[in-house]
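The values are calculated or read from the model by the stated rules, or taken from the named source; none is laboratory data. Quantities reported herein were computed from a predicted structural model and do not represent experimental measurements. Glycine gets a Cβ as well: all are built from the backbone with ideal geometry, and neighbour counts include every protein chain shown.
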Amino acid sequence: MKITINEDICLGFSHCGSVSTTAQGEFEMPDEYVETIVALIREHDTTDIEELQLEELHPDIYEFLKENINEIYQQAEEAHFIREGFSIDECYEYDDDLIDYCERELGFEYECDEDDDDFYEDEDEYEEDEDEDDDDDYQRRSQFESWICDYVETLTDQQLVDFFYKHIDNGYESSPSEFEISIPQQIIDLACCNKDNE
């Protein structure tokens with residue numbers, strides 16, 4: 001049976017309150033595992049994993065659920081914090097190879113605006129005596145930084161993680177959390193449906 005996960009998960013707390021994201025993914029679960037969980041739910045009239053004693057009675061099923069659900073949750077967690085980094089100035093470094101790749105393959109278009117007198121007005125790093133090549137490079141990078149923030153918002157979590165580690169990375173190391181798991185809603189619905197039909 002194909003199990004689909006689409007849940008909001010809490011990643012912790014900041015000074016602004018709780019931090020959450022949506023975890024989405026799917027995995028195939030053996031039919032016999034599904035049937036066992038359905039039988040437990042109907043027998044004990046609960047969907048709570050601890051009350052079902054799933055870990056004690058069926059450790060293989062529990063570990064299967066834990067591994068697959070945590071993988072989806074952890075990917076969502078990782079993607080959330082990677083995505084956040086794109087909106088923070090100078091969090092990531094973008095080399096010329098990446099910019100060239102995005103221009104060639106992903107639709108980034110650099111438009112040099114030689115008449116934009118205000119372009120450097122508020123940029124502390126800009127110096128009036130920089131030559132035209134430096135000016136051009138600075139504009140190109142500035143436009144790219146704006147473009148890539150919009151681009152990553154179009155990617156799924158998996159696409160974002162793959163793109164990041166392939167083209168950016170910058171030594172980023174994630175520390176995956178261990179999440180509490182629950183019975184997938186599809187299995188709960190199946191158990192309730194079967195019970196109602198008896």
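Scanning segment 9-20 for residues that are of a type outside the set (F, W, Y) and out of contact with any strand residue (DSSP E or B) (no Cβ under 6 Å at 6 or more places or on another chain) yields S14, H15, C16, G17. Selection of segment 99-137 for residues being modelled with pLDDT of 85 or more, under 23 Å from I88 (Cα atoms) and either out of contact with any Lys or Arg (no Cβ under 6 Å at 6 or more places or on another chain) or in a helix (DSSP H, G or I) (or both) yields I99, D100, Y101, C102, E103, L106, G107, F108, E109.
Criterion applied to E51, E56, E26, E71 was being under 22 Å from S175 (Cβ atoms) and modelled with pLDDT of 90 or more, and the one residue passing it is E71. All conditions but one from (1) touching a strand residue (DSSP E or B) at 6+ places or on another chain (Cβ under 7 Å); (2) buried (at least 18 other Cβ atoms within 10 Å of the Cβ); (3) at pLDDT below 90 apply to F86; the one that does not is (1). Out of curiosity, is M1 at pLDDT 95 or above and not β-branched (V, I, T)? For M1, the condition - at pLDDT 95 or above and not β-branched (V, I, T) - is not met.
Close contacts from segment 171-198, counting a first residue that is within 15 Å of I72 (Cα to Cα) and a second that is β-branched (V, I, T) and at pLDDT below 90, with Cβ to Cβ under 7 Å and a gap of 6+ residues or different chains, come to F179/I9.
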